[in-house]
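Below is one structure, written out as structure tokens; comments come after it.
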Amino acid sequence: MELSSLQAVGIVEKDTDNGLMWTWTYPSLTADQKEYALSKCCLSWDIKTEKGKIVPFVFSQYRKQWYYVFTMATSEPTALKSVTFFSIILVGNDFNPEKYAVLTRILSKYYEESANPVRILEQYLMVVTKGVCQSNSNGVFKVNSFSSQKAFTTASLKDVINTFGIQSILLYTAILLKMKVLVYHSKLELLLEITRALPALAWHRQDWSVVYPWVQDRQQELNAVRKLPHYVVGCTVENVLTPDDFDLYVNAEDGTITVSPHAKESLTMGKLHKDVAKKMVELAENETVTNQQFIAGIAEKTTELLEKLSSLGSENSAGETIISPDHIKSKDLHPNTETFLMNLAIAERLLKFD
Amino acid sequence: MEEVDQIIIGSLLNIGCEFAEGMTSLKQFTTENVVEATVKCLRIINPDYKMSHIFPPGMSARFRVGTSIANTCKSIGYQGDIGYQTFLYSAERDVRQIFMFLVEKLPRKEGVKEDTESNVLQRRIGQVLREKCSTMWMPFYCKPLIEGVPFRTQPLFIPKYSKGHRNSKSQDEKKYDYIHRQVEHDELTPSLLELNCSQLIAASPTIGKTSKQGDMKTTKVTKEAFHWKDKSMVPDAIPFDSSLDEVIQIVTGQSLKTNRSRFAHAKDLQFTTDKHKPLQIRPVIPQKPSHLAKLENKEIDGEHLTPPTKDRTQDDPTSSVDEASSSADVAKDQEELEEIRFQREEDEMNKMISDVVEDEEKYKEDLKMVEMSMKQIVVNTQELESTNEERIKQVKLKEKTLKLLPNAEENMEKLKAMVDASSQRLVELGKLWEEKRIPLVAEIRRLKQSKTETEFDAERKVEEIRLLRSRMKDVSEETKQKDQLIKQLKTELDSVKRDISRQSYTRRILEIVASIHKQKQEIQRVIEDVKLVQKTMNKLKGRANRTFSAADEVIFRDAKQDEGSKQAYKYLVSLHDNCAALLKTVEETGLIMREIRDLEGQIDIEIGKNAEENLEKILKDYKEVKRENAEMIKKLKKK
């Protein structure tokens with residue numbers, strides 16, 4: 001239910017002495033969550049290093065919750081005394097950067113004007129209870145006007161595919177087969193854009209909880225990520241994960257994709273792949289195709305594949321299609337295709353062992 | 001005057017006029033002494049001046065010497081009146097003046113050691129040398145030990161030397177370098193120790209099981225083997241005078257004949273070329289499973305006596321196995337039988353290996369399947385978990401709504417009201433909290449600021465302290481240096497000879513200065529007195545003249561009429577004249593007194609000059625010169 005997707009709101013301030021403080025939260029956040037949120041807030045970075053530039057809006061996932069951080073500098077005149085920068089952090093259950101971006105902006109305007117978190121509290125409660133809130137500039141913010149579908153398709157998958165060219169078939173396979181992918185890009189904004197586009201390759205699942213758009217080299221996050229069976233992780237620093245921890249390494253800056261040795265077997269290409277790859281590249285290069293159409297096109301191919309797969313299986317008593325390894329083996333296909341189909345069946349929960 | 005004489009005599013002593021010892025004043029100097037001293041001084045002042053310091057006996061020569069000395073003195077810069085007469089017919093005063101002048105002109109001894117850099121350096125050198133002399137000398141390699149070397153070992157390979165000549169190297173020798181080149185310097189000793197230990201253990205008969213033929217051991221290396229408590233490992237006391245052979249023999253015990261340690265082996269090869277090596281020894285191989293070990297034993301046995309097969313391409317030091325010993329001939333029949341047996345067993349082994357390999361593949365496949373099923377299960381569990389969670393939430397929600405469903409409208413209103421009320425309450429609470437929060441946040445900020453300020457202050461103070469400390473150190477070092485310097489200078493001062501001390505000079509000078517000062521004051525006073533007297537005199541004279549003229553006028557006026565006043569006038573005039581005459585005589589007496597004093601002074605001087613004596617001398621000398629001249633003329637004429 002969308003109304004209850006908001007979990008918490010918090011304010012972090014940086015004052016004139018360069019002291020960082022978590023000034024206000026509602027309703028409450030555990031120390032763990034606070035630590036994570038602070039690490040994602042760019043105010044906690046060292047100003048002297050390059051990362052000290054303020055990135056206005058970032059989002060990332062931690063333990064099935066999405067953290068959206070909006071940072072801005074106070075501009076004169078302001079009721080906030082001795083505060084140079086502040087961030088508004090929203091914690092929610094769903095993935096919808098646009099919605100939360102707007103919401104955080106509204107809240108920050110309120111806060112800047114009044115320096116009173118109670119105003120934020122009011123708006124927050126209104127959003128939680130009614131799903132609407134007043135914007136400062138005479139607008140109304142309606143939760144309903146931000147659908148998750150839109151959020152899923154906002155990031156341009158087409159551009160991503162164009163960056164990697166024919167190699168993006170590896171990406172497609174990896175996401176389809178629920179493998180561990182590590183994406184690297186030194187610029188945070190671009191990284192976020194790229195990583196959020198990737199789950200669209202498996203559109204039929206509509207599952208954005210696999211993507212962790214921004215993971216830093218911190219024990220807290222890495223411990224949580226390593227426990228997961230599969231993920232798409234983005235990082236701005238190299239060597240965040242050891243090569244054992246991922247199957248596919250995507251260097252978005254250089255446009256290269258590397259396969260880890262232990263995953264080479266699962267990612268070997270076959271005839272099926274070539275087919276899909278051709279279609280992908282064709283669509284991507286076609287300038288008239290919009291992002292939605294592109295995603296739809298790929299989804300078509302995926303459904304074709306899945307149909308083919310289920311055709312190999314048989315119906316069981318409950319009416320579900322079950323595939324067993326023998327079925328696949330009996331078709332006497334190329335071993336690569338065999339492996340691929342088996343893995344796909346596992347990923348789609350269609351495979352049953354005797 | 002005496003001090004001056006002392007000074008002069010002292011300096012003359014210094015330059016080497018021994019006649020001056022014991023003299024107390026210049027009066028005691030004879031002409032010869034005077035001349036000698038002057039010449040010596042002149043020589044020191046002007047090294048070019050070559051004149052003997054002995055006064056020649058001949059008159060003319062003396063005359064010449066005198067004039068030359070006088071001229072030299074004038075050339076140096078003596079401003080007084082000087083001529084040959086000052087030397088030949090010396091007057092004390094003149095002589096004193098000349099000596100004073102010459103002594104001043106003498107190049108000064110460098111009494112003051114200036115603090116030049118070279119002096120400082122020399123002093124420092126002396127100090128260091130003294131220090132070094134006080135400590136004992138040790139050769140450089142006896143210096144205190146460096147830290148111990150960590151015990152790190154690396155495997156060393158000592159090749160087996162080929163039998164016989166050193167010149168024909170075996171394959172091994174070419175392959176392996178000298179051991180000191182195989183490992184790093186620090187690791188050489190530990191590696192050697194390790195190698196030695198391992199070989200010793202291998203060679204020791206009490207640890208390993210020996211096979212029948214006694215050349216190959218499958219050593220079961222146990223922990224006890226490394227206990228040196230095992231007596232057999234500890235050699236008996238080795239007498240000091242035993243040769244290398246004997247030492248090795250003792251250490252390896254009875255292993256000489258059959259189980260030779262490699263060292264003995266190598267040593268024999270190195271130093272003796274004629275001995276026959278009965279059996280070669282192979283390096284130790286770790287224990288293999290029993291059936292393989294047995295097999296290998298047999299193989300090895302067989303191999304010893306046959307050329308090495310292709311299967312066994314280890315670094316076989318037994319390249320010279322062809323030159324087998326006599327025992328090989330005996331066992332040749334046995335070999336053939338064993339060969340056959342060996343082949344059969346080899347076939348069996350191969351079959352077993354292929355079976356095993358097949359099994360392995362099967363297991364691999366199964367493993368793959370299991371992995372996949374695991375993956376599947378993991379994926380399933382994940383999905384089930386998430387759906388589970390969602391469903392639980394939904395169920396709860398639906399339960400609640402079901403409860404409220406009967407009075408749907410009412411309950412919805414109630415719910416809405418409740419929600420509004422709670423949000424209102426929350427807002428109120430938020431406000432309250434805000435009131436509390438703001439001052440706290442401000443407090444935090446203020447405290448942080450003050451903390452940074454105090455930190456800053458503390459840092460500054462720490463800096464200041466550090467500066468002070470460093471300055472203190474500098475100052476203490478300086479004081480130390482100065483103390484040292486003081487000590488050195490004191491010792492030097494003590495060692496310096498004390499002459500006619502400067503102290504007495506300085507004292508005298510100061511006294512003289514003080515007395516002169518006093519005298520000046522006296523003179524000033526006297527001058528003032530004299531001036532005063534003169535003034536009064538002038539005043540009175542003037543007064544007298546004026547009174548006379550005034551009286552004159554008065555009486556002269558009257559004198560024309562009166563006889564008495566005429567008389568008075570005449571008396572007055574005569575009085576005036578007489579007084580004037582008196583005054584003049586007094587003045588003249590004063591002048592004459594002054595002249596007398598001057599003349600007396602001149603008389604004294606003249607007396608000091610011993611003019612009569614000198615004249616007599618001169619006359620004598622003149623007569624002598626004349627005589628000499630005459631003689632010389634006579635001589636010339638004769639020639």
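Read-outs throughout are calculated quantities, based only on the coordinates presented, and are distinct from any laboratory measurement. None of these values were measured; they are calculated from a predicted model. Here the Cβ positions follow ideal geometry from the backbone for every residue, glycine too, while neighbour counts run over all protein chains shown.
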Does segment B:513-611 come out rounded, prolate or oblate, given a ≥ b ≥ c as the square roots of the eigenvalues of its C-alpha gyration tensor, rounded meaning a/c under 1.5 and, failing that, prolate meaning a/b above b/c? oblate
Neighbour-limited loop hits for GluC sites (Glu not before Pro), segment B:18-111 (at most 12 other Cβ within 10 Å; DSSP other than H, G, I, E, B): B:GLU21, B:GLU110
For labels at B:GLU390 and B:ASN538 in the simple 7 Å Cα→Cβ model, what's the distance in nm? 14.0 nm
What's the local net charge at B:MET100, with K and R +1, D and E -1, over the other residues with C-beta under 13 Å away? -2
Loop-only check: which trypsin sites (Lys or Arg not before Pro) in segment B:1-71 are DSSP coil with at most 15 other Cβ within 10 angstrom? B:LYS50
As a quick test, which of the pairs A:LYS301/B:LYS375; B:LYS132/B:LYS482; A:LYS274/A:LYS308; A:LYS64/B:LYS393; B:LYS50/B:LYS620; A:LYS64/A:LYS158 have an alpha carbon distance above 20 angstrom in this structure? A:LYS301/B:LYS375; B:LYS132/B:LYS482; B:LYS50/B:LYS620; A:LYS64/A:LYS158
DSSP loop GluC sites (Glu not before Pro) with at most 16 other Cβ within 10 Å: longest gap in chain A: A:1-237
Compute the distance from the alpha-carbon center of segment A:100-140 to that of segment B:369-445, in whole Å. 20 Å
Report, as an integer, the average count of C-beta atoms from other chains found within 10 Å of each Cβ along A:118-128. 4
With contacts defined as alpha carbon pairs under 8 Å and 6 or more residues apart, what's the relative contact order of segment A:3-146 in percent? 24 percent
Distance (nanometres) between label positions extended 7 Å along Cα→Cβ at B:GLN127 and B:ILE353: 8.3 nm
Reduced to Cα centres, the span from segment A:181-233 to segment B:545-566 in Å works out to 151 Å
Note down the nm distance, to one decimal, between modelled labels 7 Å out along Cα→Cβ at B:TYR622 and at B:LEU440. 13.3 nm
Between A:SER145 and A:GLN167, what FRET efficiency follows from the Cβ-Cβ distance if R0 is 35 Å, with the result rounded to 0.05? 0.40
Averaged across the residues of B:421-433, what count of C-beta atoms belonging to other chains lies within 10 Å of each residue's C-beta? 4
Out of the DSSP beta bridges found with both residues in chain A, what percent are antiparallel (nearest 5)? 75 percent
Explain nothing, just the number: dipole magnitude of segment B:513-611 about its Cα centre with +1 on each Lys and Arg Cβ and -1 on each Asp and Glu Cβ, in debye rounded to the nearest 20. 440 debye
For segment A:147-354, what's the relative contact order in percent, using C-alpha pairs closer than 8 Å and at least 6 residues apart? 23 percent
Within segment A:280-306: backbone nitrogen closer than 18 Å to the A:LYS331 label point (7 Å, Cα to C-beta): A:300-306
In peptide B:440-452, what is the residue-averaged number of other protein chain Cβ atoms found within 10 Å of each Cβ? 3
Contact order normalised by length for segment A:168-248, with contacts defined as Cα pairs under 8 Å and 6 or more residues apart; what percent is it? 43 percent
Expected sort for B:407-416, A:153-162 on mean C-beta neighbours within 10 Å, highest first, is A:153-162, B:407-416
